[in-house]
Amino acid sequence: MSASNNEKTSFLGSLMRPTAKYALGTLIAFGFIAGILFWGGFNWSMEMTNNEEFCISCHEMENNVYQEYRNTVHYSNRTGVRATCPDCHVPDPWIHKVKRKIQASNELLHHFLGTIGTREKYEAKRLHLAKNVWRVMKETDSRECRNCHSFEYMDFVEQEKRSYTSHQKAIDEKMTCIDCHKGIAHELPAGIVNVDGVPNMGNTNLGN
Amino acid sequence: MNTWMKATAAMIAVMLVAVMGPSTVMAQDGVTSLRGYNALDEGNMAPDIQRPDTGKRFTKNYRQQPPLIPHRIEKYQIDVKANQCLGCHDWPQNVEFNAPKVSETHYVSPTGERLNRVSASRWFCNQCHVPQVQAQALVPNTFTSSNDMR
């Protein structure tokens, strides 16, 4: 409740009183349009942080992971169909996307702390950061990979023998993409080529 | 004309022939190289990029030849940190993936010490192993494989 003595003119008071001038329908219509504008603006602003150009505006990203990504099939390939930073690292469903965006404040914090500000610091933390990403991908059954790739629609006739053999095994044993395809977009850290007997086929270019 | 003028004229004529002669007699408006003769006003297209022949395994030409690679290997990471070839070809996973095991010679260090991992001197596979492609010899030659000579 407003602390003002003159309730008739205080702002908070007026918020709680019915309006004398405007019709209910008018207020609802304006509110609806304002809501659309707000919601659209919110999502539009969020999407501005959701592209490759924004991600590499931080030097830690541009000098390290982006340079590694440039040598891979997701950067440049026969068909020109690409996957950029958000395609793999930011979930597509809205609720998961917003959660990830809120978690990104941690990344902002470490940017200002300079945690991986130099090449040496980045290499020191490479394994730790990679394991974080792999763990999340494993938990979501490689959701971001499955934005584009799908076992069900893979054409085994087009694949090399070792590819379809491995993919069939992955389907049978309910494996997920990231189990084998670590290093697909950024260089493998030392000691990760083989984890539990699973080869990491990472940086391959086995598309036609 | 007196004798001197005749001699000078003859000298100039000889020099002109000497300068222009070679270019007119052996007129060559091009370059000869391993790719053959190429006229200067024509483009010389390089042969198409070959895709590896992933069909049958090519036969080796001599016992010690590093086997050829019958599959695509583009952009496989082989560096100080990781060697993706070994992801399938090292023991024990080579059994599971039906991939030829890295030869035992690769586990010997340059000083003869036996190691439990691939030696650093054999780490970079592509220094010796190449993918198989249908590439023609650049120069005709009479090379015979050691198998043919047995």
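No value in this document is a laboratory result; all are computed from the given coordinates. Note that this is a predicted model, so its numbers are computed, not measured. For neighbour counting, all protein chains shown are included, and Cβ atoms are generated from backbone atoms with ideal geometry for every residue, glycine included.
Evaluate the relative contact order of chain B (contact order divided by residue number), counting alpha-carbon pairs under 8 angstrom at least 6 apart; express in whole percent. Working shown, then result.
On the way: 117 pairs, mean separation 35.6, N = 150.
With pairs under 8 Å counted, the relative contact order is 24 percent.
Per-residue mean of other chain beta-carbon atoms within 10 angstrom of the beta-carbon, peptide B:86-95? Walk me through the numbers on the way to the answer.
Values: counts 3, 14, 7, 1, 3, 0, 2, 6, 1, 1.
For peptide B:86-95, the averaged partner shielding equals 4.
Distance from a point 7 Å along Cα→Cβ of A:GLU160 to each backbone N in the stretch B:101-130: keep the residues under 17 Å and list them by number.
Residues passing the 17 Å test: B:101-102, B:125-130.
Which of B:GLY112, B:ALA82, B:ILE69 sits closest to the plus end of the dipole of the stretch B:51-135, meaning its Cα is farthest towards the positive end, when Lys and Arg get +1 and Asp and Glu get -1 on the C-beta?
Value computed over the given set: B:ILE69.
Is there a quick way to get the dipole size of the stretch A:23-199? I mean about its Cα centre, with the Cβ of Lys and Arg at +1 and of Asp and Glu at -1; what is the value in debye to the nearest 20?
Working: 21 positive and 23 negative charges, 60 e Å.
Magnitude of the dipole: close to 280 debye.
Using Cβ contacts closer than 10 Å as the measure, can you line up B:ARG51, B:ARG122 from fewest to most? It would help to have the intermediate numbers written out before the result.
Numbers: B:ARG51 11, B:ARG122 18.
In order of increasing Cβ crowding within 10 Å: B:ARG51, B:ARG122.
State, as an integer percentage, the relative contact order of the stretch B:51-135 based on alpha-carbon contacts under 8 Å between residues 6 or more apart. Provide the component values of the computation, followed by the final result.
Numbers: 90 pairs, mean separation 31.4, N = 85.
With pairs under 8 Å counted, the relative contact order is 37 percent.
Provide a whole-number value for the mean count of partner chain Cβ atoms within 10 Å of the Cβ atoms in peptide B:69-78. List each step's numbers first, then the result.
Numbers: counts 0, 2, 5, 6, 3, 6, 8, 6, 12, 0.
Rounded to a whole number, the mean comes out at 5.
Say a paramagnetic label sat at a point 7 Å from the Cα of A:ASN43, along Cα to Cβ; which residues of the stretch A:93-130 have their backbone N under 11 Å from it?
Label zone hits: A:94-95.
I need the calculated FRET efficiency for the pair B:MET15 and B:SER119, taking r as the beta carbon distance and R₀ as 45 Å, to the nearest 0.05. Mind showing how you got there, number by number?
Working: r = 67 Å, r/R0 = 1.49.
Once rounded, the FRET efficiency stands at 0.10.
Which of A:MET154, A:MET16, A:MET175 moves most in a GNM of chain A, Cα contacts under 10 Å?
With Cα springs under 10 Å in chain A, the top fluctuation among A:MET154, A:MET16, A:MET175 is at A:MET16.
Specify which residue in the list A:ILE102, A:TYR75, A:GLY13 is farthest towards the positive end of the charge dipole of chain A, using unit charges on the beta carbon of Lys, Arg (+1) and Asp, Glu (-1), about the Cα centre.
A:GLY13
If I fit a long axis through the Cα atoms of helix B:3-25 and take the longest principal axis of the Cα atoms of chain B, what angle between them do I get, 0 to 90°, rounded to 10?
Roughly 30 degrees between the two axes.
In chain A, which longest range has no trypsin sites (Lys or Arg not before Pro) that are both DSSP loop (not H, G, I, E or B) and surrounded by at most 15 other Cβ atoms within 10 Å? Write down the numbers at each step before the final one.
Numbers: sites that count: A:LYS8, A:LYS21, A:ARG70, A:ARG78, A:ARG82, A:LYS174.
Free of exposed loop sites, the longest segment is A:83-173.
Can you compute the charge dipole magnitude of the stretch B:51-135 about its Cα centre, using +1 on each Lys and Arg Cβ and -1 on each Asp and Glu Cβ, nothing else charged? Give it in debye, rounded to the nearest 20.
Working: 12 positive and 7 negative charges, 44 e Å.
Using only the charged Cβ atoms, the result is roughly 220 debye.
If eta is 0.890 mPa s and T is 25 °C, what Stokes-Einstein diffusion coefficient results for chain B, Kirkwood Rh from Cα pairs, in µm²/s? Spell out each step's value before the answer.
Values: Rh = 21.4 Å.
Value of D from the Cα-based Kirkwood radius: 114 µm²/s.
With +1 on the Cβ of every Lys and Arg and -1 on the Cβ of every Asp and Glu, and nothing else charged, how large is the dipole of the protein assembly as shown about its Cα centre, in debye rounded to the nearest 20?
Details: 39 positive and 36 negative charges, 98 e Å.
Magnitude of the dipole: close to 480 debye.
Order these by the 10 Å Cβ neighbour count, fewest first: B:CYS85, A:CYS55, B:CYS128.
On the way: B:CYS85 23, A:CYS55 19, B:CYS128 11.
Ordered from fewest to most neighbouring Cβ atoms within 10 Å, B:CYS85, A:CYS55, B:CYS128 come out as B:CYS128, A:CYS55, B:CYS85.
Relative to a virtual label point 7 Å from the Cα of B:SER103 in the Cα→beta-carbon direction, which members of the stretch B:51-68 show backbone nitrogen distances below 16 Å?
Counting only backbone N, you get B:58-68.
Report, to the nearest 10°, how far helix A:94-113 tilts away from the longest principal axis of the Cα atoms in chain A, using its own Cα long axis and a range of 0 to 90°.
Long axis of A:94-113 versus the principal axis of chain A: about 80 degrees.
Take chain A, connect every pair of alpha-carbon atoms lying under 10 Å apart with a spring to form a Gaussian network, then pick out the residue of A:PHE151, A:PHE54, A:PHE11 with the largest mean-square fluctuation.
A:PHE11
Could you put A:HIS110, A:HIS89, A:HIS59 in order, starting from the residue whose Cβ has the fewest other Cβ atoms within 10 Å? Working shown, then result.
Working: A:HIS110 15, A:HIS89 18, A:HIS59 12.
Exposure proxy ranking, most exposed first: A:HIS59, A:HIS110, A:HIS89.
Per DSSP H run of n ≥ 4, the term is -39500 (n - 2.57); total these for chain A, divide by its residue number, and report the mean residue ellipticity at 222 nm rounded to 500 deg cm²/dmol.
Numbers: 9 runs with 100 residues, N = 208.
After summing the helix terms and dividing by the residues of chain A, the value is -14500 deg cm²/dmol.
Taking Cα pairs under 8 Å and at least six residues apart, what relative contact order does the stretch A:23-199 come out at, in percent? Walk me through the numbers before you get to the answer.
On the way: 94 pairs, mean separation 41.0, N = 177.
Worked out over the stretch A:23-199, it gives 23 percent.
Let me have the 222 nm mean residue ellipticity of chain B computed from DSSP H runs of 4+ only, each contributing -39500 (n - 2.57), with the sum over all residues rounded to the nearest 500.
Working: 4 runs with 36 residues, N = 150.
It comes out at -7000 deg cm²/dmol, rounded to the nearest 500.
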